[in-house]
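First the structure, in the form of structure tokens, and then the observations on it.
The values are calculated or read from the model by the stated rules, or taken from the named source; none is laboratory data. Not measured: the values here are computed from a predicted model. Reconstructed Cβ throughout: ideal geometry from the backbone, glycine too, with neighbour counts over all protein chains shown.
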Amino acid sequence: MTNSTITFILISLLILTSFNINQALAQGNFEDFETSATWPWSPWVVEDAGGTKLAAAAHMGTYGVEDPEWHYRTDITLGNAKDERLEVWFKFTSNNSRAYLGFEADSGGCWSFVAAANTNEFIIQNNVGYSFLDVNNSPQNYNLNQWYKIGITWIDTNIVEGKLYDSDGTSVLATLYLGNLSALTGGIAIRSVNGCYMDDLGGCTLPFAAFGYTIDQFTGTVVQFSDSSKNAGSWSWDFGDGYQSTLQNPMHTYTADGTYEVCLIATSTRGCVETVCVASIIIVETGIPDISFDDNVRIYPNPFSSSATLSFNNYKRDEYIFILQNILGEEVKSISHINSNKQQINRSGLSAGLYLYKVMDSSNNLIGTGKLVVE
């Protein structure tokens, strides 16, 4: 930056990325089948015995499970809030295979979304008493020995969306909806038969990434970012200049004028991820006009280690005030009632670093600003 007027431009473009499936599964698994125990294990409840943990059934990690038949657990509370999600990966090794992902599960049964290779369908079932009643379906072909994913999202507390995803975890092959649900228990269930592998059963509350920002009017380069995300438990900021932060509401100082794209990654407590690169807003702020070096005031030496002198080039009889701020915009020193053409500035209380100063007259008119470095 130069000593002339600085024009600082922050341009923020709206770029929403898709739900990060792999990262979410890695962080938000309810079951990855990696325990050393023999399937099944607590807290799973066996409705129909069956299933084998084996390496060939692993989607990620070392193990998955083959043909677990009906197993459920009620320690999970998904389904009691909007924007919650449940998902599982599966792979068919036979044209007679089926995979079931159940929700609202307890000892009395569940609802489920079903991938059916034997009938080439994607199905919603009512599994009351763990029976099998088709409610809705969509035609769907499957490839053997290819991983797919079933994902369930609560659009509202009583409306569920089920999607079938291709092997990349993001390409949607089929979508079905189930509404008018009530008395959600939050339990989950799985089942697969006839040579179907299952792995990486995960869930989370989907975050909504959003934030605002304000630029310090004095410096023009200090920006306060304010998180307004929903369902977020951690934050990762990229300020577009090579610096990052994991604070929820960080303050950042830019050291060069230019155009920056700032991105926030919001992660829920169960590992779901969404990224936003602000809204489509353009902010143009004028930073410090360093008229002080050429016109009214100057400070020397600069940098300084013990003390510096504030000098008025065109001193007029008045009382002046000197204010010093750190790069966060916080006032760290002030000297008032200056009524001579020179004023000593002591280092007392100041750490080494860059500071920003301004000088005003008795009518609060700004007569000089600049940067001051303490060694």
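Restricting the search to the stretch 232-259, which residues are of a type in the set (Phe, Trp, Tyr) and either closer than 17 Å to residue 210 by Cα or not assigned by TED's automatic domain parsing to the domain that holds residue 213 (or both)? Listed by number, the residues that qualify are 235, 237, 239. Before we move on, is residue 73 more than 16 Å from residue 193 (Cβ to Cβ) and in the same structural domain as residue 157 (by TED's automatic domain parsing)? Yes, satisfied. In the stretch 353-371, the residues that are under 14 Å from residue 321 (Cα atoms) form Cβ pairs under 6 Å with partners that are of a type in the set (Asp, Glu), at six or more places apart or across chains, as follows: 361/318; 362/318; 362/319; 367/361.
The residue of the stretch 262-317 that is modelled with the lowest pLDDT, among those that are in a loop (DSSP other than H, G, I, E, B) and of a type in the set (A, V, I, L, M), is 288. Checking 170, 175 one by one, the residue that is of a type in the set (S, T, N, Q) and in contact with a helix residue (DSSP H, G or I) (Cβ under 7 Å, 6 or more places away or on another chain) is 170 and no other.
Somewhere in the stretch 122-133, is a residue in contact (Cβ under 8 Å) with a residue 40 or more places away in the chain, outside any strand (DSSP E or B) and under 21 Å from residue 77 (Cα atoms)? Checking the stretch 122-133: at least one residue is in contact (Cβ under 8 Å) with a residue 40 or more places away in the chain, outside any strand (DSSP E or B) and under 21 Å from residue 77 (Cα atoms).
Scanning the stretch 219-247 for residues that are assigned to a loop (DSSP other than H, G, I, E, B) and crowded, with 17+ Cβ neighbours inside 10 Å yields 219, 220, 221, 229, 231, 232, 239, 240.
Among the residues of the stretch 88-102, the ones that are buried (at least 24 other Cβ atoms within 10 Å of the Cβ) and of a type outside the set (A, V, I, L, M) come to 6 in all. Once the stretch 120-161 is narrowed to residues that are over 16 Å from residue 186 (Cα atoms) and among the small types (Gly, Ala, Ser), the residue that is surrounded by the fewest Cβ atoms within 10 Å (Cβ to Cβ) is 131. Among the residues of the stretch 75-82, is there at least one that is among the aliphatic types (A, V, I, L, M) and more than 30 Å from the chain's Cα centre (by Cα)? Among the residues of the stretch 75-82, not one is among the aliphatic types (A, V, I, L, M) and more than 30 Å from the chain's Cα centre (by Cα), which makes the answer no. Give the stretch 162-188 a look and list any residue that's at pLDDT below 90 and either farther than 17 Å from residue 59 by Cβ or outside the structural domain of residue 100 (by TED's automatic domain parsing) (or both), or say none. Once the filter is applied, which keeps residues that are at pLDDT below 90 and either farther than 17 Å from residue 59 by Cβ or outside the structural domain of residue 100 (by TED's automatic domain parsing) (or both), the stretch 162-188 yields 179, 180, 181, 182, 183, 184, 185, 186. When the residues of the stretch 49-83 are filtered to those that are part of a strand (DSSP E or B) and among the hydroxyl-bearing types (Ser, Thr, Tyr), which remaining residue is farthest from residue 147 (Cα to Cα)? Of everything passing the filter in the stretch 49-83, 72 is farthest from residue 147 (Cα to Cα).
For residue 214, the conditions (1) in contact (Cβ under 8 Å) with a residue 40 or more places away in the chain; (2) under 23 Å from the mean Cα position of the chain (by Cα); (3) at negative phi are fulfilled apart from (1).
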